[in-house]
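Report on the structure given below.
The values are calculated or read from the model by the stated rules, or taken from the named source; none is laboratory data. Nothing here was measured: the structure is a model prediction, and the numbers come from that model. Ideal geometry is used to build each Cβ from the backbone, glycine not excepted, and the neighbour counts take in all protein chains shown. When the accessible area is computed, the model is the full protein with side chains, heavy atoms only, and any ligands, DNA or RNA have been set aside. Shrake-Rupley method; radii C 1.70, N 1.55, O 1.52, S 1.80 Å.
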Amino acid sequence: MYQREFDQKLKQAFPKAVLFYGENDYLVDHYIDTYIKKTDAKESMLNLYHDEWDFEQAKNFLSQTSLFGGTNLVVVKHDKKIPKKELDILIELANKSEDNYFLYAYAGAPKDAKSMQAAFSEKKGGAWVRFFEPNIRDGIAMLQQKAQQIQLDIDHYALQHLMLILNNNLALCANELDKLAILGMKVTSKDIDRLVYSTAPLATEQLLIDLFNKKPITATITKLLELGEDEASLLRSTQYFVNQIFLFHAYIKLHGHVDSAAILGYKLPKQIEEQKAQLALRVKSAALLKIFEHLLESEILIKKAPATQKEVLVYSMLIKLQGYL
């Protein structure tokens, strides 16, 4: 079901077991917090995040009698699927007592989440909810609610500006509102420019990942330029990223495995290391050579071009680069 349907369901009763998934981490955390407040489980809950996941621990927790009359709330966050047999047991235990609840925030692929929806059917006392990235209007409405809760005086235009420089990431925006509230004054767009660090570098990295995955990139380029990234910065970031992909590509061909510490001189987080290895394996050596030549030619053109033409040349550079992949 979608968010609005879930909101209606919560007005009637809180499902005993819920699967949350999708592209909006802020809303996932929002509804987990809603459950915690509703059940008054802050002091009695069990959190099992990622590597902490332990089926036996979750099962034993839901099997016990509530301590001091509190609530047995289990919150699991994981990017791997819980086997159906284990899910069925946990959902059954959640429904055995009015004090039991089981929330599963799945951070893996939506197609895998769909295969778990049946386990959280209404007939079994469960529910599943998929969240999507909100549009600007919905995002601002959520942030306005947040601002009211923490008594922060900030207008619509400042919130819109905050979402722009933080690349529509509601979780980051909400964290920044908490920090801005400490000022104890009305917050304007100028205050945000002065105090909030832009996520443009992170967005640039995502742009290049999308580029190598052959996903649409023109909208992201436009957004980056709106965030204040200049053409020279995008060129340097692209050259640096391509060079890393080449180093990964060469190392894997020579050694048959990936080791970011040996390649870059420092160890990347495992997820990022695997992501770059996958990108490097997809591209052929001949294509990398063409990309390097293309970037050299583009650098000369961009540096020689008038300021009014540089933006067009950046679009052309990235779109043509993607054509070599």
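In the stretch 107-154, how many are open to solvent by 10 Å² or more (accessible area, probe 1.4 Å), in contact with a Phe, Trp or Tyr (Cβ under 7 Å, 6 or more places away or on another chain) and assigned to a strand (DSSP E or B)? Quick ask: steps written out before the conclusion?
Going through the stretch 107-154, the residues open to solvent by 10 Å² or more (accessible area, probe 1.4 Å) turn out to be 107-112, 114-115, 117-118, 121-125, 128, 130, 132-138, 141-142, 144-146, 148-154.
Next cut, in contact with a Phe, Trp or Tyr (Cβ under 7 Å, 6 or more places away or on another chain) only: 110, 117, 128, 130.
Filter once more, so that each one left must be assigned to a strand (DSSP E or B): 128, 130.
The qualifying residues number 2.
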Residues satisfying the stated conditions in the stretch 1-20, i.e. exposed (fewer than 14 other Cβ atoms within 10 Å of the Cβ) and touching a Gly at 6+ places or on another chain (Cβ under 6 Å):
none
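Return the residues of the stretch 251-261 that are of a type in the set (Gly, Ala, Ser) and more than 28 Å from the chain's Cα centre (by Cα); say none if nothing qualifies.
Hit for the stretch 251-261 is 256, nothing else.
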Counting just the residues of the stretch 2-56 that are free of Cβ contacts under 8 Å to residues at least 12 places away in the same chain and basic (Lys, Arg), which one comes out farthest from residue 91 (Cα to Cα)?
4
Condition (residue is open to solvent by less than 60 Å² (accessible area, probe 1.4 Å), in contact (Cβ under 8 Å) with a residue 60 or more places away in the chain, assigned to a helix (DSSP H, G or I) and over 27 Å from residue 320 (Cα atoms)) applied to the stretch 234-245: is it met by at least one residue?
no
Listed by first then second residue, the pairs whose first member lies in the stretch 106-128 and is of a type in the set (A, V, I, L, M), whose partner is surrounded by fewer than 18 Cβ atoms within 10 Å (Cβ to Cβ) and assigned to a loop (DSSP other than H, G, I, E, B), with beta carbons under 6 Å and at least 6 positions apart or on separate chains, are 107/79
Sort through 159, 164, 170 and tell me the only one that's closer than 23 Å to residue 221 by Cα, of a type outside the set (Val, Ile, Thr) and open to solvent by 30 Å² or more (accessible area, probe 1.4 Å).
164
Return yes or no: is residue 225 modelled with pLDDT under 85, in a helix (DSSP H, G or I) and under 22 Å from the mean Cα position of the chain (by Cα)?
yes
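Would you point out which residue out of 23, 43 is modelled with pLDDT under 85 and either surrounded by 19 or more Cβ atoms within 10 Å (Cβ to Cβ) or under 25 Å from residue 84 (Cα atoms) (or both)? I'd like the intermediate steps shown before the answer.
Working: 43 fails: either surrounded by 19 or more Cβ atoms within 10 Å (Cβ to Cβ) or under 25 Å from residue 84 (Cα atoms) (or both).
Of the residues listed, the single one that is modelled with pLDDT under 85 and either surrounded by 19 or more Cβ atoms within 10 Å (Cβ to Cβ) or under 25 Å from residue 84 (Cα atoms) (or both) is 23.
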Looking only at residues in the stretch 26-56 that are of a type in the set (Asp, Glu) and more than 14 Å from residue 103 (Cα to Cα), which one is nearest to the chain's Cα centre (by Cα)?
51
So how many residues does the stretch 79-103 have that are open to solvent by less than 80 Å² (accessible area, probe 1.4 Å), closer than 15 Å to residue 14 by Cβ and either of a type outside the set (A, V, I, L, M, F, W, C) or not in a helix (DSSP H, G or I) (or both)?
7
Which of the residues spanning the stretch 279-292 are part of a helix (DSSP H, G or I) and either over 30 Å from residue 261 (Cβ atoms) or open to solvent by 100 Å² or more (accessible area, probe 1.4 Å) (or both)?
281, 282, 289, 290
With the condition kept exactly as written, say whether any residue in the stretch 198-212 is open to solvent by 60 Å² or more (accessible area, probe 1.4 Å) and modelled with pLDDT of 85 or more.
no
Per the list (1) open to solvent by 20 Å² or more (accessible area, probe 1.4 Å); (2) modelled with pLDDT of 90 or more, residue check on residue 58 breaks on (1)
Quick check: is even one residue across the stretch 307-324 among the hydroxyl-bearing types (Ser, Thr, Tyr), touching a Lys or Arg at 6+ places or on another chain (Cβ under 6 Å), surrounded by fewer than 18 Cβ atoms within 10 Å (Cβ to Cβ) and touching a residue at least 12 places away in the same chain (Cβ under 8 Å)?
yes
